[in-house]
Amino acid sequence: MGIFNKLRNEFIDIIEWVDESKDTIVWKFPRYQNEIKMNAKLTVRESQMAVFMNEGTVADVFAPGMYTLTTQNMPILSTLRGWKYGFNSPFKADVFFVSTRQFVNQKWGTKNPIMLRDNEFGPVRLRAFGNYAFRVQDAGLFVKTIAATNPTFTVEDINEQLRNLAVSRGMDAIAESKIPVLDLAANYDEFSVFITDKIKSEFSELGLELTKFLIENISLPSEVEAALDKRSSMGIVGNLGAYAQFQAANAMEKSAENQASGGIMGAGLGAGFGASIGSQMGGIFQNNTVQGNSATQASSTPPPIPTVNTYHIAIDGQQTGPFPLEEIKNRIASNQVLRDTLVWSAGMPNWARADSVDELKALFSQTPPPLPGN
């Protein structure tokens with residue numbers, strides 16, 4: 001009985017692979033020194049292929065299913081072995097199980113920025129990253145050209161090569177497209193399809209199929225992105241004059257809050273701060289106007305007509321106006337507007353005496369004093 005068991009154990013009669021891993025592509029059946037018995041049972045599960053190799057040559061490839069190994073269903077191996085007339089003898093062969101399921105979420109990305117030429121910004125440096133998915137399409141070719149005789153071959157063993165292939169071809173496709181940098185994000189899907197079509201053939205040469213290629217992000221260096229953010233901010237601001245008025249209104253609102261919380265002193269500080277802000281903003285945009293006019297002296301378009309300030313006047317407790325400066329000058333001459341008359345104009349935080357406004361103060365000096373005796 002002992003001798004019988006020893007002889008029986010010299011032959012393999014069940015060949016199968018229960019894959020419990022998530023990243024194993026090829027697994028070699030551990031035959032050791034045992035021989036495979038004719039009529040042995042071969043089980044190939046879904047998402048698997050079984051490749052028989054004889055002395056380094058790919059013999060037979062089995063799709064998912066259950067097989068009883070005979071010379072009839074191993075035609076190539078039978079030919080290599082020269083088993084004529086159905087010679088049923090134990091044989092030796094290397095059996096490789098190949099996983100044909102999809103290996104998804106494989107990361108790719110540029111290790112260093114890629115230099116490209118953009119029509120708007122000139123030379124720019126880009127980084128890109130994403131993911132891809134692949135599966136074994138031709139098990140025999142993959143084992144022959146890539147896995148060779150390795151007893152175990154995982155995704156990590158080939159991922160570096162596939163990642164370099166994806167980066168090289170992907171960035172080349174982006175450069176060839178000539179799409180402006182600012183429009184790249186709107187074309188991720190188109191790039192993905194284009195790159196997939198471009199490198200599918202190179203995956204096929206390895207016995208693989210590229211099933212998905214996605215671009216997650218294409219980014220510029222941080223300093224370039226900061227400059228773009230500033231440019232976008234200026235675009236959002238739009239009309240600089242309106243923006244200045246908005247800032248002045250905010251200052252006035254803060255002034256009112258200070259008045260409510262700090263009494264007379266708070267009101268004075270708030271009014272002074274609002275006037276200061278208005279003066280500073282006015283100076284800034286006056287300088288911008290002067291610079292703009294200087295830059296366009298050669299232009300045939302005349303500069304805009306200067307605006308004339310107008311003032312509201314408080315007469316007998318009633319608000320009147322607004323009046324232009326010429327009208328106010330006439331009213332000063334006829335003593336309808338006195339030095340202590342309250343006036344207000346756009347940009348002023350509060351009503352003020354006429355002689356406290358620089359523009360009106362000069363008008364009082366131009367008016368002759370009353371005749372003696374009147």
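Could you grab me the full set of residues in the range 38-67 that are at pLDDT below 90 and of a type in the set (S, T, N, Q)?
Those that are at pLDDT below 90 and of a type in the set (S, T, N, Q): 39, 54, 57.
Inspect the range 114-133 for any residue being more than 19 Å from the chain's Cα centre (by Cα), under 22 Å from residue 206 (Cβ atoms) and either buried (at least 18 other Cβ atoms within 10 Å of the Cβ) or assigned by TED's automatic domain parsing to the domain that holds residue 221 (or both) and give the result as yes or no.
yes
Can you confirm whether residue 159 is at pLDDT 85 or above, within 28 Å of residue 22 (Cβ to Cβ) and within 21 Å of the chain's Cα centre (by Cα)?
no
Can you name every residue in the range 325-355 that is in contact with a strand residue (DSSP E or B) (Cβ under 9 Å, 6 or more places away or on another chain), within 25 Å of residue 251 (Cβ to Cβ) and either modelled with pLDDT under 80 or hydroxyl-bearing (Ser, Thr, Tyr) (or both)?
Those that are in contact with a strand residue (DSSP E or B) (Cβ under 9 Å, 6 or more places away or on another chain), within 25 Å of residue 251 (Cβ to Cβ) and either modelled with pLDDT under 80 or hydroxyl-bearing (Ser, Thr, Tyr) (or both): 345, 346, 354.
Would you point out which residue out of 166, 185, 173, 147 is of a type in the set (Gly, Ala, Ser) and over 28 Å from residue 118 (Cβ atoms)?
After applying the criteria, what remains is 147.
Can you name every residue in the range 182-193 that is among the hydrophobic types (A, V, I, L, M, F, W, C) and surrounded by fewer than 18 Cβ atoms within 10 Å (Cβ to Cβ)?
Residues satisfying the conditions are 182, 185, 186, 193.
Any idea how many residues of the range 22-74 are of a type in the set (Val, Ile, Thr), surrounded by 18 or more Cβ atoms within 10 Å (Cβ to Cβ) and not in a strand (DSSP E or B)?
So the answer is 1.
Checking residue 175 against (1) modelled with pLDDT of 80 or more; (2) surrounded by 12 or more Cβ atoms within 10 Å (Cβ to Cβ); (3) in contact with a Leu (Cβ under 9 Å, 6 or more places away or on another chain), only one condition comes out false. Which one?
With respect to (1) modelled with pLDDT of 80 or more; (2) surrounded by 12 or more Cβ atoms within 10 Å (Cβ to Cβ); (3) in contact with a Leu (Cβ under 9 Å, 6 or more places away or on another chain), residue 175 is out only on (1).
Return the residues of the range 178-210 that are on the phi > 0 side of the Ramachandran plot and modelled with pLDDT of 85 or more; say none if nothing qualifies.
Answer for the range 178-210, where residues must be on the phi > 0 side of the Ramachandran plot and modelled with pLDDT of 85 or more: just 207.
The values are calculated or read from the model by the stated rules, or taken from the named source; none is laboratory data. These numbers were taken from a predicted model, which means no experiment stands behind them. Neighbour counts are summed over all protein chains in view; Cβ atoms, including those assigned to glycine, are modelled from backbone coordinates with ideal geometry.
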